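The values are calculated or read from the model by the stated rules, or taken from the named source; none is laboratory data. In this text the structure is predicted, and so the values were computed from the model without any measurement. Using ideal geometry, Cβ is built from the backbone for each residue, glycine included, and neighbour counts are taken over all protein chains shown.
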Amino acid sequence: MPELPEVETIRAALSRELTGKKVKSVTVTNGKLTKRHKSVKEFRALLEGHTVKSLGRLGKNLIFALDSGNHLVVHLGMSGQLLRARSAKDPKPKHTHVVITFSPGGELRYVDPRMFGELFVSVAPPEGTKIDVSPYAKLAVGGDGVALRAKIPELADLGIDPVEDVVGWDRLAAILRDRMTPLKAILTDQHVICGIGNIYADEILYTAGLRFDRPAGSLSTIEVRRLHRSIGEVLAEAIKHGGSTLSDEQFVDPDGKPGNYQNFHHVYGREGEACPRCRSLVKKLTVRGRATYFCENCQA
Ligand SMILES: [Zn+2]
């Protein structure tokens, strides 16, 4: 499943090209993907004729700000891809379910074989409406995340976005304190911290030298600081390398190119290989139905 670095890679690739372009027409061939709307017609009407002002991201959601004040939100689900094409004449990949045509020129195609993704236009709430923004997100001391959530009620309950929201280690310590929840469960709980999934949780915990099942409240100050630093470092490195493309080859950027960060994974997908730090073998366990990779020797 695409996580924060993959969605950020897509955002960066599309941002310059689509900003300032107008949505000319929208085709939806499977209404399941736009099911938040009464009808496909309603979804199309909220997009057509409107200009893209900017591209943003919160957690695993890609956000197109429109000149109407509304926002197109795209979530790739398990297997969604957003691919650009120069014109309608370019051959369409199998499982293309939504096509957005821009003026002047260019198309964006939403491709999704498994159809767990979704697209919707969030209508801006009337001015003065009180929106319950996530109390975790409100811990941010910088960034535009809180303001963005207030404009998109459907995303208001997303927790801290580790790239968009500026949150210091002391705030993270306050969140972890007094909790018995295992660390990996907290890192992947989108209501607490958004954007981190199975791959990056394992890589972050390895980098921080912490086991996935450590109760959150058991961390020392030094360990919290290490975890905080690892979250930032691992996500930044992954973005720099264009995200991770696993052997299923689901994630590609808008030009169909895979990411490169899988070559830098320390533990994820490396069961039985030598730990880069201590050379003991990387272990894999299935925890709550998800694969978890770690080094027993390096992660305490
Ligand atoms: Zn090790």
Among the residues of the range 13-49, write down those that are free of Cβ contacts under 8 Å to residues at least 60 places away in the same chain and within 20 Å of Phe102 (Cα to Cα).
Ser15, Arg16, Thr19, Gly20, Val40, Lys41, Glu42, Arg44, Ala45, Glu48, Gly49
Criterion violated by Val234 - all others in (1) part of a helix (DSSP H, G or I); (2) surrounded by fewer than 19 Cβ atoms within 10 Å (Cβ to Cβ) satisfied:
(2)
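Output the number of residues of the range 146-158 satisfying the condition of being touching a residue at least 60 places away in the same chain (Cβ under 8 Å), touching a Ser or Thr at 6+ places or on another chain (Cβ under 9 Å) and not basic (Lys, Arg). Spell out the reasoning first.
Just the residues of the range 146-158 that are touching a residue at least 60 places away in the same chain (Cβ under 8 Å), to begin with: 148-149, 151-152, 154-155, 158.
Filter again for touching a Ser or Thr at 6+ places or on another chain (Cβ under 9 Å), leaving 149, 151-152, 154-155, 158.
The next check asks that each one be not basic (Lys, Arg); those that pass are 152, 154-155, 158.
Final tally of qualifying residues: 4.
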Does any residue in the range 210-223 that is within 17 Å of Glu296 (Cβ to Cβ) come within less than 6 Å, Cβ to Cβ, of a residue that is among the polar types (S, T, N, Q) and not in a helix (DSSP H, G or I) six or more places away or on a different chain, and which pairs are these?
Leu210/Gln299; Arg211/Gln299; Phe212/Thr292
Matching residues, the range 106-134, being touching a residue at least 60 places away in the same chain (Cβ under 8 Å) and surrounded by fewer than 16 Cβ atoms within 10 Å (Cβ to Cβ)
Met115, Val123
Considering only the range 6-55, state which residues are surrounded by fewer than 20 Cβ atoms within 10 Å (Cβ to Cβ) and part of a strand (DSSP E or B).
Lys22, Lys24, Ser25, Thr27, Thr51, Lys53, Ser54
Of the residues Leu119, Leu172, Leu158, only one is modelled with pLDDT of 95 or more, at negative phi and assigned to a loop (DSSP other than H, G, I, E, B); which?
Leu158
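Being part of a loop (DSSP other than H, G, I, E, B), surrounded by fewer than 21 Cβ atoms within 10 Å (Cβ to Cβ) and within 16 Å of the ligand (Cβ to nearest atom) is the requirement here; does Arg211 meet it?
Numbers: part of a loop (DSSP other than H, G, I, E, B): yes; surrounded by fewer than 21 Cβ atoms within 10 Å (Cβ to Cβ): yes; within 16 Å of the ligand (Cβ to nearest atom): yes.
Criteria met by Arg211.
Of these, Val224, Val267, Val252, which one is part of a loop (DSSP other than H, G, I, E, B) and either away from the ligand (no atom under 16 Å from the Cβ) or over 22 Å from the mean Cα position of the chain (by Cα) (or both)? Outline the logic, then answer.
On the way: Val224 fails: part of a loop (DSSP other than H, G, I, E, B); Val267 fails: either away from the ligand (no atom under 16 Å from the Cβ) or over 22 Å from the mean Cα position of the chain (by Cα) (or both).
Matching residue, one of Val224, Val267, Val252: Val252.
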Filter the range 270-300 down to residues that are more than 9 Å from the ligand (Cβ to nearest atom) and of a type in the set (D, E, K, R) and give me whichever is nearest to Val234 (Cα to Cα).
Arg270
Set Leu55, Leu14, Leu4, Leu83: member being out of contact with any strand residue (DSSP E or B) (no Cβ under 7 Å at 6 or more places or on another chain) and modelled with pLDDT of 95 or more:
Leu4
When you check Ser230 against the structure, is it within 16 Å of the ligand (Cβ to nearest atom), under 15 Å from Pro162 (Cβ atoms) and not acidic (Asp, Glu), yes or no?
yes
Flagged in the range 237-250 as surrounded by 14 or more Cβ atoms within 10 Å (Cβ to Cβ) and modelled with pLDDT of 95 or more, in numbering order, are Glu237, Ala238, Ile239, His241, Gly242, Gly243, Ser244, Thr245
